[in-house]
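Input: a single structure, listed below in structure tokens.
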Amino acid sequence: MDLTPLFEYQAESVKRKAVILNDGSLKVEDEIKASSSTDSKLIWRMVTPANVTVSDNSIILSEGGKTIKEHYSAFEVLDESLDISPQGASGLP
């Protein structure tokens, strides 16, 4: 899905791909190409009413006796170094 129009003046290109895998898990990939004409800072956030626990490479969401575990496994950063460490898992940075 091309999300570029939502990020006009902020990024050259923003694309999201979501696939349900054979094991029933959901894989979401975001591809973001920063604009060369502006300074770029990437912040990825997810809004949820669930309780959040962050571990080395996963995020666990719990609510109403149900739990889901999300894995983040790969980040490819081109041209810039980027700090991808979770900041304040239970709140905004």
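The values are calculated or read from the model by the stated rules, or taken from the named source; none is laboratory data. If you're wondering where the values come from, they're calculated on a predicted model, not measured in any experiment. For neighbour counting, all protein chains shown are included, and Cβ atoms are generated from backbone atoms with ideal geometry for every residue, glycine included. Side chains included, ligands, DNA and RNA excluded: accessible areas come from the protein's heavy atoms. Shrake-Rupley method; radii C 1.70, N 1.55, O 1.52, S 1.80 Å.
Side notes on the structure shown:
- Taking region 24-50 as the range and being open to solvent by 70 Å² or more (accessible area, probe 1.4 Å), under 18 Å from K66 (Cβ atoms) and either at pLDDT 85 or above or touching a Pro at 6+ places or on another chain (Cβ under 6 Å) (or both) as the test, only P49 passes.
- Subset of region 8-23 (residues that are surrounded by 10 or more Cβ atoms within 10 Å (Cβ to Cβ), without any contact (Cβ under 8 Å) to a residue 24 or more places away in the chain and over 22 Å from K69 (Cβ atoms)): S13, V14, K15
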